[in-house]
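Okay, structure first, notes after.
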Amino acid sequence: MDLTLVQRPLFHAAGHDVSFLGLIAFVIWFAIGLLVARGLQSDAVRRFFSRFKIDSNFVAIVTTILSMSALVFFTVSAVNAAGVPLHWNAPLPGIGLSLTQIFLLIALLIAVFWISSRTKRFLFNRFLAKSGLDRSLQYAIAQIVSNVVLIVGIFIVLDNTGIHLGALTVFAGAVGVGVGFGLQNIASNFISGLVILAERPITIGDRVEVAGIAGQVQQIRARSTVIVTNDNISMIVPNTKFIDSPVTNWTYGDPKVRFRLPIGVAYGSDVNKVRDVLVAAAREHPSTLTDPAPNAFLDKFGESTIDFELVVWSSEMSHRPRRFKSDLNFLIEKHLREAGIEIPFPRRDVQVRGGKLSVEMTAPPQSRDQGQTST
């Protein structure tokens, strides 16, 4: 078989001839790279990394980077097999880094992120767990130390891969301009996150209301805070909202919260009996505190009702205030009904002056039809 035809150059690339065999070799290597990249993102690989107690988000990042690195590796190998030499140790034009240095940089950055994550988990779950500090303060310390490890590690990696910090002065100036214009919100949220961790106006597990969002604080991150609502929906709130906006923290300092429920009863009701019934209904709920004890106040005399206000304290229901009020309303309705106390509806009196008001009684349509049939 004559191989001169398949070895004959088909086209030129980067000053080198590419033959038919070289093109076939490129396709084979590139196809292998696609298969390997797809395999690294499979569930089996993710389960393998999960055995090392790595966070699921970090596992997803690692598998994605590994698959992209494998694709780049096999692509470069395919280019070399096609007859266009691309050396691993040769600096790439316009970058000054070789492919080996780029892969080393990626591997070291992954290691730094992993060390930062493990440092936070070790401090929060083991080292500070028995320190006697408040749990939210332990989380703040672990988060700050983790951020410091991440920043220092990134600078060390950049310096050891040939990217010296002195060469980043121009880049730092450009970043400073970018922060002043386009990245100011990111920088503001990052600084606000550090302020939140230091001052602790909110902590993990607090029930808060901010910017129209009510829920429980689940996580305080560098740029944003995760709030889980009672509908089990995670809301991502920028940290600046907790600095420059009014924040309602239901559990700040003291978990006891006072709930107020308005109730209106009919005129003529025994007001002392109404007060006793309302207090008895509040005491029946298991989450009602006995100290301070529930109480009922006669608020005002309305147009058609005598308005009371029931005051109830609870230290457990701050995370479910709507549920607590609903339970109390059911108990109040039951006790008022058993005591024979009426909850009236609004009434209006109509007076007619200087004329006559005629009332015509008409039979239902069914009765008229029956009368016509009988005649």
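Over 30 Å between Cα atoms, which of 241/300; 130/241; 130/325; 130/256 qualify?
Checking Cα-Cα distances, 241/300; 130/241; 130/325 exceed 30 Å.
So what is Rg over Rh here for the stretch 218-263, counting just Cα atoms and using Kirkwood for Rh?
Using only Cα positions, Rg/Rh for the stretch 218-263 is 1.06.
Could you tell me whether the stretch 19-158 comes out rounded, prolate or oblate from its Cα gyration tensor? Rule is a ≥ b ≥ c as square roots of the eigenvalues, rounded for a/c under 1.5, then prolate if a/b exceeds b/c, otherwise oblate.
Since a/c reaches 1.5 but b/c is at least a/b, the shape of the stretch 19-158 is classed as oblate.
Can you give the Rg to Rh ratio of the stretch 94-143, both from alpha-carbon atoms, with Rh computed by the Kirkwood formula?
My calculation of the ratio gives 1.32.
Sort the stretch 293-341 into rounded, prolate or oblate with this rule: let a ≥ b ≥ c be the square roots of the eigenvalues of the Cα gyration tensor; rounded if a/c is under 1.5, and if a/c is not under 1.5, prolate when a/b is larger than b/c, oblate otherwise.
Taking the square roots of the gyration eigenvalues as a ≥ b ≥ c, the stretch 293-341 is prolate.
Taking the full set of protein chains and a 1.4 angstrom probe, give the accessible area of residue 235 in square angstrom, rounded to the nearest 10.
70 Å²
Report Rg (one decimal) and Dmax (nearest whole number) for the stretch 252-316, counting Cα atoms only, units Å.
In order Rg, Dmax, the Cα atoms of the stretch 252-316 give 13.0, 44 Å.
What are the chymotrypsin sites (Phe, Trp or Tyr not before Pro) within the stretch 251-300 that DSSP puts in a loop, where the Cβ has at most 16 other Cβ atoms within 10 Å?
Sparse-neighbourhood loop chymotrypsin sites (Phe, Trp or Tyr not before Pro): 252, 267.
With every protein chain present, what is the per residue accessible area of the stretch 247-316 (1.4 Å probe, Å²)?
56 Å²
The values are calculated or read from the model by the stated rules, or taken from the named source; none is laboratory data. None of the values given here were measured: they were computed from a predicted structure. Using ideal geometry, Cβ is built from the backbone for each residue, glycine included, and neighbour counts are taken over all protein chains shown. Protein only, heavy atoms only, side chains kept; ligands, DNA and RNA dropped before computing areas. Shrake-Rupley method; radii C 1.70, N 1.55, O 1.52, S 1.80 Å.
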